[in-house]
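Read the structure below first, then the notes.
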Amino acid sequence: MPDRPVSNLLGLAVLGVLAQRPMHRYEIATTIREQGKDDDMPIKWGSLYTVVSSLERHGFVEATGVDRDGARPERTTYRITPSGLREMADWTRELLAGPDTDRSRFAIGLSMLGAIGPDEAQTLLRLRADRVRSRLAQLERDLAGWSETVPRLFLLEDDYTLAVMRAEVAWLQGITADFEAGVFPGVAEWRTHHESTTPIAEEALDGDH
């Protein structure tokens, strides 16, 4: 996997909320919390200012103005750029396409699934199901061999891994089947939104410069 220009996962959360609308940093933090993104990924709030600055330095977000509310300090409002939209989508793809053993990163990718369209999401999830099935078959063969000489007591962690992998494959099959049948709740709106923001929104953003 390529190194991301901004590798802190808080950066992905920031891009995710700025894709909804421009915000200043306090709004960014509040929205991330309200939408539960801090439960989806490890976030160190003390690095928020640094992460936003890094995203701006790499051209993924840009300042749109500065305002002041009464005696409070000035607040800079940021919006996502076309490059930021592409980075958010690429980052999401990377998390979804990562090693099948790393379920925590996959879960983060799922939390950002709206960054890509439902057709691409279906393709990536099917690929993951294929990878998990392949590893599952290998582990089943290995476990069958080990169980001939090793008591089950000492193989419970592998037994547990098998159960989790089987459940994941079943879940992936169900989700992708719902996508394909068009019965996943909101999939039509998701597709329409994705088609209307990529690349139309990017062109609109470019036109503001």
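The values are calculated or read from the model by the stated rules, or taken from the named source; none is laboratory data. Computed from a predicted model, the values in this text were never measured in an experiment. Counting neighbours? That spans all protein chains shown, and the Cβs are built from the backbone with ideal geometry, glycine included. The accessibility values were calculated without ligands, DNA or RNA, using every heavy atom of the protein model including side chains. Shrake-Rupley method; radii C 1.70, N 1.55, O 1.52, S 1.80 Å.
Tabulated data for the structure shown
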quantity	calculated
Verdict on Asp3 being under 30 Å from Leu172 (Cα atoms), over 14 Å from the mean Cα position of the chain (by Cα) and either open to solvent by less than 50 Å² (accessible area, probe 1.4 Å) or free of Cβ contacts under 8 Å to residues at least 24 places away in the same chain (or both)	yes
Residue, modelled with the lowest pLDDT, within region 186-209, restricted to residues that are within 19 Å of the chain's Cα centre (by Cα) and outside any helix (DSSP H, G or I)	Thr198
Only listed residue being touching a residue at least 24 places away in the same chain (Cβ under 8 Å) and open to solvent by 20 Å² or more (accessible area, probe 1.4 Å), chosen from Arg57, Arg25	Arg25
Hits in region 111-128 (condition: open to solvent by less than 20 Å² (accessible area, probe 1.4 Å) and closer than 24 Å to Thr192 by Cα)	Met112, Ala115, Ile116, Gly117, Pro118, Ala121, Leu125
Hits in region 78-110 - residues which are open to solvent by less than 30 Å² (accessible area, probe 1.4 Å) and not hydrophobic (A, V, I, L, M, F, W, C)	Tyr78, Thr81, Pro82, Gly84, Glu87, Thr92, Glu94, Gly98, Asp100, Gly109
Within region 166-185, considering residues that are in a helix (DSSP H, G or I), touching a helix residue (DSSP H, G or I) at 6+ places or on another chain (Cβ under 8 Å) and without any contact (Cβ under 8 Å) to a residue 40 or more places away in the chain, the one least open to solvent (accessible area, probe 1.4 Å)	Asp178
Which listed residue is among the basic types (Lys, Arg) and more than 15 Å from the chain's Cα centre (by Cα), from Arg86, Arg103, Arg141	Arg141
